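Scroll down for the structure; my scribbles are underneath it.
The values are calculated or read from the model by the stated rules, or taken from the named source; none is laboratory data. It should be emphasised that the depicted structure is a prediction, and the values quoted were computed from it without experimental measurement. Glycine gets a Cβ as well: all are built from the backbone with ideal geometry, and neighbour counts include every protein chain shown.
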2 protein chains.
Amino acid sequence: MTTISDVARVAGVSRSTVSHALSGKRPISEATRNRINEAIADLGYTANAGARALATSKSSIMGLIVPFTPEEFAPSTMQYVLVVAETARSLGYDVLLVTEEEGAAGITRVTQSNLVDGVILLDVKRHDDRLAALASANQPGVLLGAPEESVSFDVVDLDFAEAGKRLVEHLFEEGHREIIFLTLPDSIFEMDLGYAWRVRDAAISTAAELGVELRIVVGDSDPQRRAETLSAALENRGTATALLVHNDGALADLQQILQELSLRVPDDIAVLGIFPEQFGRMFSLPYTAIETSAALVASQAVRLLANRIERPESPFVRTLLEPIITDRGTSRKV
Amino acid sequence: MTTISDVARVAGVSRSTVSHALSGKRPISEATRNRINEAIADLGYTANAGARALATSKSSIMGLIVPFTPEEFAPSTMQYVLVVAETARSLGYDVLLVTEEEGAAGITRVTQSNLVDGVILLDVKRHDDRLAALASANQPGVLLGAPEESVSFDVVDLDFAEAGKRLVEHLFEEGHREIIFLTLPDSIFEMDLGYAWRVRDAAISTAAELGVELRIVVGDSDPQRRAETLSAALENRGTATALLVHNDGALADLQQILQELSLRVPDDIAVLGIFPEQFGRMFSLPYTAIETSAALVASQAVRLLANRIERPESPFVRTLLEPIITDRGTSRKV
DNA sequence: CTGAAAGCGCTTACAG
DNA sequence: CTGAAAGCGCTTACAG
């Protein structure tokens, strides 16, 4: 192991000078700086992370608390994880992965040991018991997903309530007055995930305000039955003219089901969805939709955390990103 | 911040005694141990990670080097990541996520700084330039994916060559003599990923040995064209009686395409595949197949790394897991 | 512009 | 069974 003392010796300066050359925290003469850089290159020196963390009380590591869902197919989670890692790196941080197997204890462990400088919580629920653990930590935290109550953390999320509202408004403006709304499965609602509740609640209240009939069909978590539920809903659509879908799996099934039932979009039924842009690309989803962007939300979360680590006193921000509808012509009323 | 000195003072013992009580490295009397544990609980003490790392030269962190594929839909990668994190935690390690944006430099950075005790490489290629960086590190590494040459690292992978062989043998035994083999897209082969090459090469050579005609159709990376390619291959199947698929996306499309072409399985065409078990579950794939298990491979990799960190001199192992065919009746010749 | 020295919070021989 | 002390490799006032 080569240490800062080795570098100092080879460069013919003191350790403190090397340290300052590294951090840039005080002016170093051109000549010494060159000798130091040369020595560093020759020796292949990298500062010892533990020693630096001990001396500065900063590890330059962000903890990423990911929901523990081994049985789940979590394509979009990976997006968040990758974008967090990248963005963190670009700001000089590494990322420690903390799965929720340990529950809130994981948060306490990595913060209390000073392993991390701060923490990002993925998939924050409307009432999330991890927030208590986070609140008693000495390090800051940023929430990806908005809790119901206002909290002393930075929060980033898509504005899902606004999304639900705009989706229904959009269909209303297109002339639809009777809409089938396929939601996420009950299990997601039971997990208290805000994005499920907010889209649904906003869709319901907006429909009520506009005098639109919204027929709610709850998605099934089993892939087989999920397709059957959707198929049945379409067959028994009656006078409904539009299908609003907030359910990734069902959207993937939809194309085949429409074909089986010989339904044309938008001629026989208009379709409007909300899904992650990644997912849409993977399955070439052709529908008018609000596309959620993991990249946007995750990178913003990292920037907020970095900022708070470096400026702990800045005021808390709650960023709700505006949902945008991309019109692909499938929501027209024909 | 509460330190070991605080604990020592409250418990009325020396710091070294507290340290030994924590590590269990020397006998502590019942009475002192109780006082220490009480003090720890009262104060909410957790050892400072940086200080411990500095003193022991061990961070209890494993670095996980993940391929950098932000544009890709990486469902199975998430599986690996989660299983690695879990298994590591169960063995007392945390996981630092290193994306490949930095390339091999990331490996050098986290090892040289002693941030990690060892490293796991995901998606190792047949000729992987990251191995050079790993070889010059002071910490051990475990490869997930087998390189072509034999290396001084532990290696875990499914035995994909054996898989390719067994798939063709299975079809041969079922009576098929003319097989369409849908492979992964060229881009994957160009990335030098062993699993693509090994399945293909073994399938080709086994077919040759058995006198089976293997008609190779290369998958397309674009979802739309991927489906068209598959559809065309099935329409123009001629006298081929079986379809062998090593292409997740195509397998997801298959059900719909078969229906469009009014082909029954296995009556009109037998189907045999190889895909991640997660993927199969997500899409309810009903085919006879070799299912690859992220969980098995990833947890084994972590165990190997933990073992090597703790016993650096143990001989290197190259674990190639035996591929098992699950027969679901879709590969019969009718 | 540079250096000597204290200190960060642990662990671990060494001594008893 | 327990303690005093050195040392891990950095950073940062303090001094010049």
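Hey, can you tell me all the residues within region A:59-69 that are within 16 Å of DNA strand C (Cβ to nearest atom) and either crowded, with 20+ Cβ neighbours inside 10 Å or facing another protein chain (nearest Cβ under 8 Å) (or both)? Spell out how you get there, then give the answer.
Taking region A:59-69 first, the residues within 16 Å of DNA strand C (Cβ to nearest atom) are A:59-60.
A:Ser59, the sole residue that qualifies.
Residues checked against (1) surrounded by fewer than 18 Cβ atoms within 10 Å (Cβ to Cβ); (2) farther than 26 Å from A:Glu310 by Cα:
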site	(1), (2)
A:Arg126	yes, yes
A:Gly141	no, no
A:Gly145	no, no
A:Ala161	no, yes
A:Arg166	no, yes
Requested in this report: Keeping to region A:32-49, report how many residues are β-branched (Val, Ile, Thr) and either within 6 Å of DNA strand D (Cβ to nearest atom) or under 22 Å from B:Leu115 (Cα atoms) (or both).
Outcome: 2
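With B:Ala161, B:Ala146, B:Ala137 as the choices, which residue is of a type outside the set (Ser, Thr, Tyr), touching a residue at least 12 places away in the same chain (Cβ under 8 Å) and part of a helix (DSSP H, G or I)?
Values: B:Ala146 fails: part of a helix (DSSP H, G or I); B:Ala137 fails: part of a helix (DSSP H, G or I).
Every option except B:Ala161 fails the conditions.
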Report summary line: Within region B:5-31, the residues that are aliphatic (A, V, I, L, M), near DNA strand D (Cβ under 10 Å from one of its atoms), surrounded by 14 or more Cβ atoms within 10 Å (Cβ to Cβ) and assigned to a helix (DSSP H, G or I) are B:Ala8, B:Ala11, B:Val18, B:Ala21
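So, in region A:300-314, of the ones that are closer than 17 Å to A:Leu121 by Cβ and small (Gly, Ala, Ser), which residue ends up surrounded by the fewest Cβ atoms within 10 Å (Cβ to Cβ)? Steps first, please.
Within region A:300-314, the first condition is being closer than 17 Å to A:Leu121 by Cβ, and the residues that meet it are A:300-309.
Imposing the further condition that a residue be small (Gly, Ala, Ser) reduces the set to A:301, A:306.
Numbers: A:Ala301: 29, A:Ala306: 20.
Ranking the candidates gives A:Ala306 first.
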Report task. Specify the residue that is farthest from the other protein chains (Cβ to nearest Cβ); the eligible residues are those in region B:105-134 that are of a type in the set (Gly, Ala, Ser) and outside any helix (DSSP H, G or I). Result -> B:Gly118
Report task. Scan region A:34-58 and report the pairs whose first residue is facing another protein chain (nearest Cβ under 7 Å) and whose second residue is outside any helix (DSSP H, G or I) and crowded, with 16+ Cβ neighbours inside 10 Å, with Cβ atoms within less than 6 Å and a gap of 6+ or a chain change. Result -> A:Thr46/B:Ser113; A:Asn48/B:Asn114; A:Ala49/B:Ser113; A:Ala49/B:Asn114; A:Ala49/B:Leu115; A:Ala53/A:Ser59
Query raised in the report: Among the residues of region A:264-276, is any surrounded by fewer than 20 Cβ atoms within 10 Å (Cβ to Cβ), within 30 Å of A:Gly63 (Cβ to Cβ) and more than 11 Å from chain B (Cβ to nearest Cβ)?
Result: no
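How many residues does region A:83-104 hold that are part of a helix (DSSP H, G or I), under 18 Å from B:Val110 (Cβ atoms), more than 7 Å from chain B (Cβ to nearest Cβ) and not small (Gly, Ala, Ser)? Working first, answer last.
If we filter region A:83-104 for residues that are part of a helix (DSSP H, G or I), which is where we start, we get A:83-90, A:100-102, A:104.
Next cut, under 18 Å from B:Val110 (Cβ atoms) only: A:84-90.
Subsequent filtering for residues that are more than 7 Å from chain B (Cβ to nearest Cβ) retains A:84, A:87-88, A:90.
Still in the running and not small (Gly, Ala, Ser): A:84, A:87.
Within region A:83-104, residues that are part of a helix (DSSP H, G or I), under 18 Å from B:Val110 (Cβ atoms), more than 7 Å from chain B (Cβ to nearest Cβ) and not small (Gly, Ala, Ser) number 2.
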Report task. For B:Ser205, indicate whether it is surrounded by 15 or more Cβ atoms within 10 Å (Cβ to Cβ) and either closer than 29 Å to A:Leu251 by Cβ or modelled with pLDDT under 95 (or both). Result -> no
Query raised in the report: Looking at region B:96-109, is at least one residue surrounded by fewer than 23 Cβ atoms within 10 Å (Cβ to Cβ), within 23 Å of A:Glu102 (Cβ to Cβ), of a type in the set (Ser, Thr, Tyr) and away from DNA strand C (no atom under 16 Å from the Cβ)?
Result: no
